[in-house]
Every structure is written in structure tokens, then in C-alpha cells.
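Values in this text are rule-based calculations from the coordinates and carry no lab data. None of the values given here were measured: they were computed from a predicted structure. Don't worry about glycine lacking a Cβ; one is built from the backbone with ideal geometry, like all the others, and counts go over all protein chains shown.
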Amino acid sequence: MSEKSKHVCPVEIAGGLDNRMRRWAQNPRKILGPYIKKGMVVLDVGCGPGFFSIEMAKMVGETGRVIAADLQEGMLQKIRDKIRGTEFEDRLTIHKCDKDKIGLSEQVDLILLFYMVHEVPDVESFLSEIESLLKPGGLVFIVEPPFHVSKKAFENTLKIAGDNGLTITERPKLFLNKAAILQK
Ligand SMILES: C[S@@+](CC[C@H](N)C(=O)[O-])C[C@H]1O[C@@H](n2cnc3c(N)ncnc32)[C@H](O)[C@@H]1O
């Protein structure tokens, strides 16, 4: 696939990313619970409609913070609508990325890249920016979907991450998906 033709998940199918069925199959607390502690600052890049971001906000507690970042304003609006008037408004920052730049300066404890790296046009510069956004010792949790991301493509992503200073520490088992934890 050419770099320019990479498909970005449309806002119209955001409902498929946040529903009861998915919560059962991919419980955010079970998946992220071992890595996210109270008081952490965590970043969800390619957050979509916030399926993970809002649960992350619960996990970091009142003393922590979540930055939910996405390319598409329509996805970010869905998160704003979900958290309006809730306690999460104070600990969840919404950030609009450019296609080729996340554009944050703050360093964080953990970055989640769930089902999004295969949509990024230049994975090399993206992962270099990801590394720069992590505190020393910080973690990146990458998950890619079955079927349309091959094992070879996933391993290539991990190789690029390695070339950019991120070391694989774990390969969590996530039914059918491809997953890795990397550390700065
Ligand atoms: C398949 S959705 C996954 C959403 C979310 N991570 C989840 O698992 O529910 C991929 C998301 O990544 C976003 N995305 C794609 N390329 C991006 C980029 N270069 N920077 C930031 N977000 C991006 C899309 O807009 C879309 O919301």
C-alpha cells in the first residue's frame, strides 16, 4: 500500500469502536490495568471516540491526566460529548493532531496506540515522535488488528520502534490481535 493511500477509519463507523460487545471482548481495564497507575499522565494517540481514553481517565484517578489525541475532529467531538458535565472533564485533555505530526511537547508515562499505527502515513517519523513524548522508562502499548495487519507488517513496525529507541519488554496476549509493550 502506498504511503498516501492509507485508509483512516471514518467517523461514521465510530459506533463500532465503542459498544457493549467490544467492552466484553476488549475490556479496557483488563487490557490496560497492569500498566496504568493512579497519578500517571497517559496519552491515547488515535483515540477515536474514546473507548480507551475514558477508562484510562478512571484508572489514573483524580491526580492523573489523560491526553486523547486524534486526527479527526469528528472523533474528538464524540469524546467531548461523552465527558461533558462529568468529573473526567478536568483530567482529560483533547488534542487535535496533524496527519504527519502529533504536535505535543509534554512527556508522558504511557502511550496507547490501539488499532492506529497502520493508518499512519510515515511510521518512521511517527514512532520517532512517540519516543520523544515519553518520559525515560515510559511505556508504549501497541495493538494492531488481525487480518488486515499481517504479522510481517507488525514485526516491521516493532523493528522501526526499536531503531527509534524503544525496546520490546512484553508481548501481551490479546485474542487474535498483535500486541507489544515497548519501553524507552
Ligand atoms: C481504527 S480507529 C481506532 C480508535 C481507537 N484507538 C480505538 O481502538 O477505539 C483509528 C483512529 O486513529 C486515528 N488516526 C489515524 N491516523 C492518525 C494520525 N496520523 N494521528 C492521529 N490519529 C490518527 C483515526 O482518526 C481513528 O480515529
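For segment 110-120, residues that are near the ligand (Cβ under 7 Å from one of its atoms) and either farther than 21 Å from VAL60 by Cβ or surrounded by fewer than 19 Cβ atoms within 10 Å (Cβ to Cβ) (or both) total 3. Say we look at segment 53-89 and pick out the residues that are closer than 13 Å to LEU110 by Cα and within 15 Å of the ligand (Cβ to nearest atom); which of these is surrounded by the most Cβ atoms within 10 Å (Cβ to Cβ)? This residue is VAL66. Restricting attention to segment 25-50 and to residues that are of a type outside the set (Val, Ile, Thr) and surrounded by 22 or more Cβ atoms within 10 Å (Cβ to Cβ), the residue that is farthest from PRO136 (Cα to Cα) turns out to be PRO49. Filtered by the rule that a residue be part of a helix (DSSP H, G or I) and either crowded, with 22+ Cβ neighbours inside 10 Å or near the ligand (Cβ under 9 Å from one of its atoms) (or both), segment 121-133 gives PHE126, LEU127, ILE130.
Among the residues making up segment 134-155, a single one is within 18 Å of LEU32 (Cβ to Cβ) and assigned to a loop (DSSP other than H, G, I, E, B): PRO145. The numbered conditions (1) part of a strand (DSSP E or B); (2) surrounded by 15 or more Cβ atoms within 10 Å (Cβ to Cβ); (3) without any contact (Cβ under 8 Å) to a residue 60 or more places away in the chain; (4) away from the ligand (no atom under 16 Å from the Cβ) are all true for LEU158 except (1). Among the residues making up segment 61-111, those that are aliphatic (A, V, I, L, M) and farther than 22 Å from LEU166 by Cβ are MET75, LEU76, ILE79, ILE83, LEU92, ILE94. Restricting attention to segment 90-109 and to residues that are under 21 Å from GLY137 (Cβ atoms) and of a type in the set (Val, Ile, Thr), the residue that is nearest to the ligand (Cβ to nearest atom) turns out to be ILE102.
Given the options PRO49, PRO34, name the one that is within 11 Å of the ligand (Cβ to nearest atom), without any contact (Cβ under 8 Å) to a residue 60 or more places away in the chain and not small (Gly, Ala, Ser).
Working: PRO34 fails: within 11 Å of the ligand (Cβ to nearest atom).
The match here is PRO49.
When each of VAL11, VAL42 is tested for being in contact with a strand residue (DSSP E or B) (Cβ under 7 Å, 6 or more places away or on another chain), over 26 Å from SER150 (Cβ atoms) and not hydroxyl-bearing (Ser, Thr, Tyr), the lone residue that passes is VAL42.
The sole residue among ASP81, ASP109, ASP90, ASP70 that is under 25 Å from ASN27 (Cα atoms), acidic (Asp, Glu) and touching a His at 6+ places or on another chain (Cβ under 9 Å) is ASP70.
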